Amino acid sequence: MNHSTPEHYNTLISVEQLAGLKASGKPLMVFDCSFDLMNPPAGREQYLQVHISGAVFADLDKDLSAPHGTPGEDGQVATSVQSASGGRHPLPTRERFSAWLSSIGFANDMQAVVYDRNAANYCGRLWWMLRWAGHDAVAVLDGGLQAWQAAGQALSSGEEPGHFQSNFELGQPLETLKTVAQVEADLGQATQTLIDARAPARYRGEVEPLDPVAGHIPGALNRPFGSNIAADGRFKPAALLKAEFDQLLAGRDPASVVHQCGSGVSATPNVLAMRIAGFAPTALFAGSWSEWCSRPSRPAEKG
C-alpha cells in the first residue's frame, strides 16, 4: 500500500486520507452531492440533517445542471445558451459552472473532495465536471458519507458559514464531452463503443420510469453503475474493475468508449471506474438516453 502523500488526489480518496488533509490545513473544499431523483428536495434535507463538517452542498438540479431550454415549433427542446448538452440534466456551460464555483469560494489551488450517500452516483457528476473545467485535484470519497460516519469522523448539521467569493479560472478540459450529433454520426462504427450505465431492465426497455421512449441506443453495452461498488460500499479493487471492463469490451478498443445513462449523471461512476482500473480517460455523452430519444427519428433497440 502506498502511503506517500501525492501532490493531490484525482480519483479516490479514503476516509483516513481526507481526515489527514482536513487536519493539514491545506486548501480544501468538500462537497456533499446527495440527491434523490424521485424527490429532488430530499438531498438538501439530508445534508441539513447530517454532513461532513465544513462540506458545501451541491444540488444536482440547481448547481450541477443548466436550466432546460424551451421546446421549439417542432417540439424539440433546443440546447439553451446556458447549457452544454441536452437531456434531463443538461450540463451547464463551463463558464456558468466556473461562475458557480467562484460564487461559493472554490479556487484553483484547492483540493476538491466530493461525496454522496448514493454509491457515488451524484458526486461522480461533480468529479467529472471539475475535471472538464480543467481541475485535476478532485477525488471521490471512497465509501461516501457512510464510510465517514462509520469511522467516527466529525459531522455537522444545519447550514455551514458562507465562503468569500473567489475567481476560479477554467483550464483545458481533462475530460471529453460528446454531443448527440457526434454519437449519432459514429453509430455502428468501431471507433465508438457506447456503455450504458442504467439498470438492466431499463437498458432492455422492459421499464422506463423517466423517459418517453423505452430501450437503448443501438449497439450499446450495459454496465449498471452500481457494478463498480463492492459490498462494503467502496469501489472494487483496480484489478477487478479492469478484468470486468475487459470482459464487457470483449476486444473492443477501450479508447473508443463513450459512457451514457439516462441523463448523463449515473454514467460518471463508470468513467471514474475505468480511470481507477488504469484505462486512459474515456468520453461522456452527457445528454444520454434522454436526449437521444427526444427525437423519434433516432433508432432505439430493446432486449
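The values are calculated or read from the model by the stated rules, or taken from the named source; none is laboratory data. This structure is a prediction, so every number in the text was calculated from the model and none was measured. As a convention, Cβ positions derive from the backbone with ideal geometry for all residues, glycine included, and neighbour counts pool all protein chains shown. Just so you know, the surface numbers come from the protein's heavy atoms only, side chains and all, with ligands and any DNA or RNA stripped out. Shrake-Rupley method; radii C 1.70, N 1.55, O 1.52, S 1.80 Å.
Only residues that are within 19 Å of the chain's Cα centre (by Cα) and surrounded by 15 or more Cβ atoms within 10 Å (Cβ to Cβ) were counted across region 20-47, and they come to 12. Taking first residues from region 40-67 that are free of Cβ contacts under 8 Å to residues at least 24 places away in the same chain and partners that are open to solvent by less than 10 Å² (accessible area, probe 1.4 Å) and of a type in the set (Ser, Thr, Tyr), the Cβ contacts under 7 Å between residues at least 6 apart in sequence or on separate chains come to Tyr47/Ser34.
Is one or more of the residues making up region 216-223 of a type in the set (Val, Ile, Thr) and more than 16 Å from the chain's Cα centre (by Cα)? Full working, then the answer.
Keep residues of region 216-223 that are of a type in the set (Val, Ile, Thr), which gives 217.
This time we only want the ones that are more than 16 Å from the chain's Cα centre (by Cα), so: 217.
Within region 216-223, one or more residues are of a type in the set (Val, Ile, Thr) and more than 16 Å from the chain's Cα centre (by Cα).
Set side by side, the residues Ala147, Ala133 differ, and just one is under 26 Å from Val50 (Cα atoms) and assigned by the TED database to the domain that holds Leu37, which is Ala147. The residue of region 129-175 that is nearest to the chain's Cα centre (by Cα), among those that are within 18 Å of Thr282 (Cα to Cα) and part of a helix (DSSP H, G or I), is Met129.
The set of residues from region 96-130 being in contact with a Pro (Cβ under 8 Å, 6 or more places away or on another chain) and without any contact (Cβ under 8 Å) to a residue 60 or more places away in the chain comprises just one member, Trp100.
If you check Ala151 against the conditions, is it more than 18 Å from Asp63 (Cβ to Cβ) and either of a type outside the set (Asp, Glu) or open to solvent by 70 Å² or more (accessible area, probe 1.4 Å) (or both)? Quick ask: steps written out before the conclusion?
Details: more than 18 Å from Asp63 (Cβ to Cβ): yes; either of a type outside the set (Asp, Glu) or open to solvent by 70 Å² or more (accessible area, probe 1.4 Å) (or both): yes.
Criteria met by Ala151.
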